[in-house]
1. For a footprinting-style exposure proxy, rank 148, 85, 196 by other Cβ within 10 Å, fewest first.
2. How would you rank 175, 392, going from fewest to most other Cβ atoms within 10 Å of each one's own Cβ?
3. Calculate, in nm to one decimal, what residue 372 and residue 341 gain on full extension: separation in residues at 0.36 nm each, minus their alpha carbon distance.
4. Cα centroid distance between the range 349-371 and the range 113-128, in Å?
5. Counting only helical runs of four or more DSSP H residues, what would the 222 nm mean residue ellipticity of the chain come to if each run contributes -39,500 (n - 2.57) and the total is spread over all its residues?
6. Starting from the Cα of residue 67, step 7 Å along the direction of its Cβ; do the same at residue 231; then give the gap between the two resulting points in nm.
7. I want to check the label-to-label distance for residue 115 and residue 320. Put each point 7 Å from Cα in the C-beta direction and report it in nm to one decimal.
8. Report the calculated FRET efficiency for residue 255 and residue 102 (r = Cβ-Cβ distance, R0 = 30 Å), to the nearest 0.05.
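Computed from the coordinates by the stated procedures, all read-outs in this text should not be read as laboratory data. As the structure is a prediction and not an experimental result, all values here were calculated from the model. Every residue, glycine as well, gets a Cβ built from its backbone with ideal geometry; the counts of neighbours run over all protein chains shown.
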């Protein structure tokens, strides 16, 4: 089966399932917290309803990253019941939407290819689900045509791409305009990722490489105005904002964008965390954005919690050890409890006016990038297990009276 046919077939299946999950009030929460047993899955309330009530915002965006070809059958009703926002895991990245021309490393394909993303957007529209756009610019998915030629040509390529994509998807409620542009060096003198092909292309003839970030926000703001869509949020998205040194780099870039007069509406925090994460630093990341400008919003964009408390050198060496050994298909209850209590604390931290969207990087544990990163091993980072049933992590988020064993 070709990729396009596979996506289309599943999109039709998803659309056929309707707006699902909330035609009646959710049933009362099930018992079971006192005897160490998970509550009845059938008693689970809709996550999006619980969080909307808690945040005091009707239809508060509660999202999940979706990779349509890999979605299993149970994931459709799970998505429709618990989430009202989706992010394309890959279908809206630049190399998917507008690759190089066949056989060329410097020329674009004759026109964008929106087919896969269109099917996802159609599914969302048919089911009253909102779409976060991810991402207009990311160094890891930049087709070489976009950064080929003179600096002026590269600037024009950026304008051509952003204009075409934003105009094609006018109902996206937020765009990650630039993704992962901050240096990983803590408190870097130059806070930008200088190895990015965008930075290097803009640095031609001694020019300032960092200008591409301001240009991207300027262009996105101009297109938004031309479309008459002032409510589209324009975001800078990055990871490890819970680490003070990386956070300093991200905020320095945000200040550069603001000082240049470019429109930026907030920061997306990926929050790919692991058990043992410091929630106080998560809160500090949200507060730092608030302190930068009272108009900036915080989005939680790619939330998951690895069951492995890996040391830092795991992510550079990507071997076992120093990465922790595979826990296998059944993680110890002690680890799942630790994960659940961390999720509870995180959602307490997220309950602040500046947080206007929360998205998980996946729906359930059957499909997660953490099964292959930083090493290949079984991970269980989300609220729903591999069969789509609510985990202790789900119950601690939705019910303050639940105590995991």
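1. In increasing order of surrounding Cβ atoms, one gets 148, 85, 196.
2. Listing 175, 392 from fewest to most nearby Cβ atoms yields 392, 175.
3. Details: separation 31, 0.36 × 31 = 11.16 nm, distance 2.47 nm.
Between residue 372 and residue 341, full extension yields an extra 8.7 nm.
4. 21 Å
5. Working: 13 runs with 147 residues, N = 405.
Helix-only estimate at 222 nm: -11000 deg cm²/dmol.
6. Between residue 67 and residue 231, the simple spin-label model gives 3.2 nm.
7. Once both label points are built, they end up 3.9 nm from each other.
8. Efficiency, rounded to the nearest 0.05: 0.10.
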